[in-house]
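The values are calculated or read from the model by the stated rules, or taken from the named source; none is laboratory data. Since the structure is predicted, the reported quantities are computational estimates derived from the model, not experimental observations. Note that we place each Cβ from the backbone using ideal geometry, even for glycine, and neighbour counts take in every protein chain shown. With ligands, DNA and RNA removed, areas are computed over all heavy atoms of the protein, side chains included. Shrake-Rupley method; radii C 1.70, N 1.55, O 1.52, S 1.80 Å.
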Protein chains: 2
Amino acid sequence: MPDFSDHLKPAEDGAAILAAEREGSAISVQELSEHLLSRNDFLSRQAQIVKVLEKEKLFSKKQQMNLSRPDRYYLGLARAKALRRLVERHGWDHEDYKIAEYLTDEMSPFHLQLTMFATTVQEQGNDEQRAYWMPKITNFDIVGCYAQTELGHGSNVRGIETIATWDPKTKEFEIHSPYLTASKWWNGGMGRTATHAIVVAQLLLPQNGEPTKYTSHGHQPFIIQIRDSKTHQPLSGVIIGDIGPKYGYASMDNGYMLFDHFRVPHSAMLSRYVQLNAETGALTKQGHPALVYGSLTYVRTNIIMHARLILARAVTVAVRYTAIRRQFRDRDSKDLNRPELAVLDYPTVQIRILPLLATTFALHYTGEMMYTLYNRTRDSIEKGNFSAIAELHSASSGLKSLCTTLAADGIETCRRAMGGHGFGGGSGLVGINADYLSKPTVEGDNWMITQQVAAYLIKKMTSAVEKQGTLPIDATDALFQNYLEERSRKSPVDVIRGNEMDDNAIVEAFKWRAADLSYRAYKSRIAEKKPWNSLLIQLHKLSRAFSEQILINNFHAVLSSISISKTTSNALRNCFCLYALYTMDTDSRSFSTTNAVTSSSLDALPDAILSLMAEIRPHAVKLVDSWAIPDYLLDSALGRYDGKVYEDLYDRAHRQNPLNKVTFNPDWRTEEIVLGSGDGGKSILAKL
Amino acid sequence: MPDFSDHLKPAEDGAAILAAEREGSAISVQELSEHLLSRNDFLSRQAQIVKVLEKEKLFSKKQQMNLSRPDRYYLGLARAKALRRLVERHGWDHEDYKIAEYLTDEMSPFHLQLTMFATTVQEQGNDEQRAYWMPKITNFDIVGCYAQTELGHGSNVRGIETIATWDPKTKEFEIHSPYLTASKWWNGGMGRTATHAIVVAQLLLPQNGEPTKYTSHGHQPFIIQIRDSKTHQPLSGVIIGDIGPKYGYASMDNGYMLFDHFRVPHSAMLSRYVQLNAETGALTKQGHPALVYGSLTYVRTNIIMHARLILARAVTVAVRYTAIRRQFRDRDSKDLNRPELAVLDYPTVQIRILPLLATTFALHYTGEMMYTLYNRTRDSIEKGNFSAIAELHSASSGLKSLCTTLAADGIETCRRAMGGHGFGGGSGLVGINADYLSKPTVEGDNWMITQQVAAYLIKKMTSAVEKQGTLPIDATDALFQNYLEERSRKSPVDVIRGNEMDDNAIVEAFKWRAADLSYRAYKSRIAEKKPWNSLLIQLHKLSRAFSEQILINNFHAVLSSISISKTTSNALRNCFCLYALYTMDTDSRSFSTTNAVTSSSLDALPDAILSLMAEIRPHAVKLVDSWAIPDYLLDSALGRYDGKVYEDLYDRAHRQNPLNKVTFNPDWRTEEIVLGSGDGGKSILAKL
């Protein structure tokens, strides 16, 4: 219905402002985009797939925030199925499928199918099992989930309470939940969708000659059918359901599952590495146990790779909006007719957004490094060389912790930096925030897994101390040996001299701090034999410092090797310095107590950061453009490419909000809620 | 329907664990509760009102997270009306009503009625206007909202684009929105509920003798009817609606409103301090303009008071759950049969939760101080003494910024410390997080308003420098004069000596740091005349440091004066030290660069914090019990008083989740979503 607001324009023309911002920077967005995102033709695939999704009504995000949680699951399942049909229709390969999931931007009830479900069968099934199951999985003839976590136990796999008892008479396993806390819990896609599950349970075998006594043989994965293929009801002896609303993941049916002496055949146990002889009852093991951790490392590697694009999304919205938004005139200006300042011109806004912009690049280069490290390690493993597993495991743990913390906190920092509209649905950050806040917890809690890094570093330092002067076997060993050699004569470095940052000194400082903290941990634990648990906070800080050093190192290494136009590489170098100095300033005392950086340089950090931000500011819009996040994915009035912030906010409120179609009765003396309906509030009571 | 899960018990008995925790501490919960929450009979009122609300089906929170956003508003309005009826039925006074709102725990569409709407009429209306409007407001005969913020302008009231042009011929004001960005925006209760609004607009008066030229006379509040009293439709010339889904505030209809040359009578302008003579067109002002800021200061004072109970809620959930949750055996223990450790026994969990527990008390005593300061200042103002307004304004700005940041970040820290279940709906932290994240932004953005504190402190320091040696006029002046006297001979203090903390030295250190940072700001701005905007980050840090000093000071002052049992006061003193040392450690370098604390004490902070946490740990459950947060308000499986965590999580999933009543069709080859319905996904498409 047309009304007088149709002809109103915003006082500030966001489109003109963004155009001027882009005009004002000589960075080539295309060049930088290609530098960042060329792997596997990401950019062209994304462009094609966005077009397909935008045409499908089912993939429209406009009303998503108005749906109830049950409706969000309906929609999630409808989209999951439609996506699979699109794969057939357009002949998409796996890479395309992943990009389509990324653009759809919700946890799909089918998400586990080709990740943990397929991977576990592929990696832990024997040849026969793989031959039987893999085609069904690839064709989605069955829908699978991965049931490891329980109500009472998450990270500690050894605490799993579900038992699988071998019955030598019937040659079956009996899967059973002895306690309520044994209930499988959180398992994605299990609540309403899956037909099959990998169930991780403690394997119990009868003790020799004593058929009523059992011995535990650790946890093993079983592949089992959980729902009837026609009625889709849970099989008898199984209770399954969706766990209900969560912080995020509305579209996903995270489930619970309990077993009552549920019997599965001998073939259910995945038997690539562990075999139970059905005739003799003997258990045999083959292969390297570390291989089983491969899929966890793979998942963590993906999470690390993904963090840059998540953070880039939040930063894209924040940079574009704060470049457009005006607020207050300069306090020192006497001219009352001067226009108000763009919010992004305030240092108090810059200090929240621009270091995060710099962080997107830091995350990127380390994501790339992890990808390479993962593939190299896999290749070595296939050749029977397991020596690099420890490094990969440590790096993937420490970086998963650091990178997801940076991204999760960064989304919220960006949201708050946008003031009031940042709290609105038009920010585009409501859903991403709710969903991404799972990441600091899943696949190893961010505080807990840093122990694995610290244990690795203490081991490396112990060995460096023991074999000082021998040839270093890897980069960490070289760092530690060098540290041990230098520490008595070390003096702190200047990372800033006058107005100049010294990149090499920066890298040096981060390395030294990491090595020094490793040495302190080694001293506390090995020399002074302090209890592990009393050191946990110190060890967590060590992991973070070591991982920061990895980010700094990788970013710096790229700067000296890329061939890219001068303006762009200058901007990247400023981002490197900003990320480094901001990180240093945030934990400045540790750079002082480890003797890594001079006090005068530490004092100079705030001013250096201010001037770096001033250098980056004119390029901010083009730098975020380079991340090539399509409007369809952003789903943000504040962050849209064309800058029409206010038009879009108004359109969402005035033309898309279903609540505005209903007239209410605010008179407290009556129970009627919708005016004229005489309903007495009954319709809402029925839903409670 | 009964099933085999009815007889299952959790492997860990949460109820027994919490009982043992309570048994293990000699703190008297009742004594501490009364010490904290006796004002206005809070505890007994709360106990009574909880009973009433728990009996009303409409106030059940069980299905709240399963409702769509439009349904959340329906429910919000139904509850708002029901609450008003409960007031009548039970003869509740205003204090009771506020407690009922607090327990209901959602932003009510009626929330503005007795806050900004009533307050503005009361404070800015003249006698006649108050006599006319106040009875209608108190009886809820009309429903009001407060329309100041606009689409294009939030904090900067001077940027308001809505105009009210005086027409001397008809003796009317014409309210008009010249731009789309002039649309009122965010205004609570306006979207679907309100019949009336306070509209803040730029007052335009014809220039003398030039009836087509106008001069702006600043922003003024107008009280106007916006919807028809029968049809509840917007009046002609007004567009109103709800702005749509947001990060939180689902139950509240934050609105937008545009005016098309909308005419209101002369009496619409609230005229206590500014009067327009309808005959002559002359504008007169009377009274102190600072009075108008009274309601903003009042709102900020309330926000500061409220922060403790918000944070206490999150900490209550986190402490109870992590005391129950078990994970991993001690790594140093060889005994494999040893039970797993309670998560709260890990220092890496303690360091996230226990400083926040300590912070709840720090927030409490400063909230009390603000309450006293506000009332004292109001009394002075009524006596015509305006000198304390500046201090109140500065304190309320700095503390609003610090306290809401502490509480908002604290909720999320608690949530993450609870691992997987912290991400689930049973945490009870989903809604509080979404709603409370508005607080760092509303009523003055937390980064922006710190400028007001810094400006105040620079002024105070300037005056202290100018009149050194004269009698101090207030505490800040005394602090600054003492600083100026001592600074040349000052040496840093030891806050820790051996294993002992020195409380007085701690207070001294926080004061000194605050004074030194004030002096640096004074030097940069006054002596070196640096541009204001270039100093913003430094000024923000100054505000924070000064506000931290206030919290420390107030907490310390109480410790020396309360009469309470030894165990309890010891625990409070440990909380004081923990809050102080944790805060110091977080920004340790500033205590070193301001010469406030010795390097050896700063080095000793981590160990001192560890031992304080070990002291507090046995009392943690009873300390949170003392905040007396009822289960009804917590609405948390993890945080419930009786510790039946797993039983409740399972019950919510298995017996309360509506999604589990529907059977779905996961076969991707068909478009059908609900099995057997043959719906082809149409029902979900209709909602998109």
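Charged side chains reduced to their Cβ positions (Lys and Arg at +1, Asp and Glu at -1) give region B:495-578 a dipole of some 400 debye around its Cα centre.
For B:Met134, the point set 7 Å out from Cα toward Cβ sits 8.2 nm from its twins in the other copies, listed from shortest up.
The residues of the protein assembly as shown expose, per residue, 38 Å² of accessible area to a 1.4 Å probe. For B:Met448, the solvent-accessible surface computed with a 1.4 Å probe is close to 30 Å², ligands and nucleic acids excluded. If you roll a 1.4 Å probe over the protein assembly as shown with all protein chains in place, what percent of the accessible area is carbon or sulfur? After summing per-atom areas, the C and S share lands at 51 percent.
When the other protein chains are added to the chain by itself, burial of at least 30 square angstrom of heavy-atom accessible area (probe 1.4 Å, ligands and nucleic acids ignored) affects these residues of region A:672-688: A:Ile673, A:Leu675, A:Ile684, A:Leu685, A:Lys687, A:Leu688. Partner aspartates and glutamates whose Cα lies under 19 Å from the Cα of A:Lys55, excluding those fewer than 8 positions away in the same chain, are identified as A:Glu88, A:Asp96, A:Glu101, A:Asp105, A:Glu106, A:Asp631, A:Asp635, B:Glu671.
Just to be sure I understand: if you take the accessible area of chain A alone plus chain B alone and subtract the pair, with a 1.4 Å probe, what total do you get in Å², rounded to 100?
Chain pair A/B: roughly 13400 Å² of buried accessible area.
Candidate cross-link partners of B:Lys460 among the aspartates and glutamates, defined by an alpha-carbon separation under 16 Å and a same-chain spacing of 8 or more, comprise B:Glu391, B:Asp474, B:Asp477, B:Glu485, B:Asp516. When the Kirkwood hydrodynamic radius is evaluated over all pairs of different C-alpha atoms of region B:114-287, what value in angstrom, to one decimal, is obtained? It works out to 16.4 Å. Placing pseudo-labels 7 Å out from each Cα toward the beta carbon at B:Ala47 and A:Leu283 gives an inter-label distance of 5.6 nm. Under a no-solvent Debye model with one identical scatterer per Cα of region A:1-66, what's log10 I(q)/I(0) at q = 0.22 Å⁻¹? Each listed q corresponds, in turn, to -0.98. For the residues of A:130-142, the average number of beta carbons from a partner chain within 10 Å of their own beta carbon is 1. Taken over the protein assembly as shown, the convex hull of the Cα atoms encloses 188 Å³ per residue. For region B:620-657, a drop of 30 Å² or more in accessible area on going from the chain alone to the assembled protein chains (1.4 Å probe) is found at B:Tyr646, B:Tyr650, B:Ala653, B:His654, B:Asn657.
The residue among B:Leu633, B:Val430, B:Met116 whose Cα reaches farthest toward the positive pole of the charge dipole of chain B, with charges on the beta-carbon of Lys, Arg, Asp and Glu, is B:Met116. When its C-alpha radius of gyration is set against 2.2 N^0.38 Å (N residues), chain A gives a value of 1.07.
Label point of B:Glu528 (7 Å along Cα→beta-carbon): distances to the other copies' equivalent points are 3.9 nm, sorted ascending. Considering every alpha-carbon pair of region B:295-624, the percent of pairs per 10 Å bin, from zero through the bin containing the longest distance, is 6, 24, 32, 25, 10, 3, 1, 0. Evaluating kT/(6 pi eta Rh) at 37 °C and 0.692 mPa s, with the Kirkwood radius of region B:56-106 over Cα pairs in the Stokes-Einstein relation, gives 284 µm² s⁻¹. Magnitude of the charge dipole for chain B, about its Cα centre and with charges confined to Cβ atoms of Lys, Arg (+1) and Asp, Glu (-1), is about 800 debye. A loss of 50 Å² or more of accessible area (1.4 Å probe, protein heavy atoms, ligands and nucleic acids excluded) relative to the isolated chain is seen in these residues of region B:10-58: B:Ala11, B:Lys57.
Amide H contacts for B:Val493 (H built 1.01 Å from N in the peptide plane; partners 5 or more residues away or on another chain; cut-off under 5 Å): B:Val597, B:Thr598. Across the alpha-carbon set of region B:243-286, the Rg to Rh ratio works out to 1.24, Rh being the Kirkwood radius. When B:Asp409 is represented by a point 7 angstrom out along its Cα-to-C-beta vector, the spacings to that point in the other copies are 0.8 nm, nearest first.
Quick one: of A:Lys62/B:Lys682; B:Lys400/B:Lys439; B:Lys169/B:Lys230; A:Lys246/B:Lys400; A:Lys490/A:Lys511; A:Lys61/B:Lys682, which pairs are farther than 19 Å apart, Cα to Cα? Listed pairs above 19 Å: B:Lys169/B:Lys230; A:Lys246/B:Lys400. Two numbers describe the Cα atoms of region B:411-556: Rg and Dmax, which are 19.5, 60 Å. What the Cα atoms of region A:296-345 give is an Rg and a Dmax of 18.9, 61 Å. Estimated from helical segments only, the mean residue ellipticity of chain B at 222 nm is -16000 deg cm²/dmol, where each DSSP H run of four or more residues counts as -39500 (n - 2.57). Take the convex hull of the alpha carbons in region A:334-381; its mean projected area over all directions comes to 4.2 nm². Counting only heavy atoms of the protein chains and using a 1.4 Å probe, A:Val264 has close to 10 Å² of accessible surface.
Along the axis of the charge dipole computed for region B:114-287 (Cβ charges of +1 for Lys and Arg, -1 for Asp and Glu, origin at the Cα centre), the listed residues B:Gln233, B:Tyr247, B:His217 are led at the positive end by B:Tyr247.
Within a straight-line Cα-Cα reach of under 17 Å, A:Lys530 can be paired with the following aspartates and glutamates, leaving aside sequence neighbours fewer than 8 residues apart in one chain: B:Asp330, B:Asp332, B:Asp345, B:Asp607.
A viscosity of 0.890 mPa s and a temperature of 25 °C, combined with the Kirkwood radius over Cα pairs in Stokes-Einstein, give a translational diffusion coefficient for region B:335-433 of 148 µm²/s. The charge dipole of region A:224-382, taken about the Cα centre with unit charges on the Cβ atoms of Lys, Arg (+1) and Asp, Glu (-1), comes to about 440 debye, rounded to the nearest 20.
One way to sum up the overall shape of region B:432-515 is the equivalent ellipsoid from its Cα gyration tensor, whose semi-axes run 30, 23, 9 Å, largest first.
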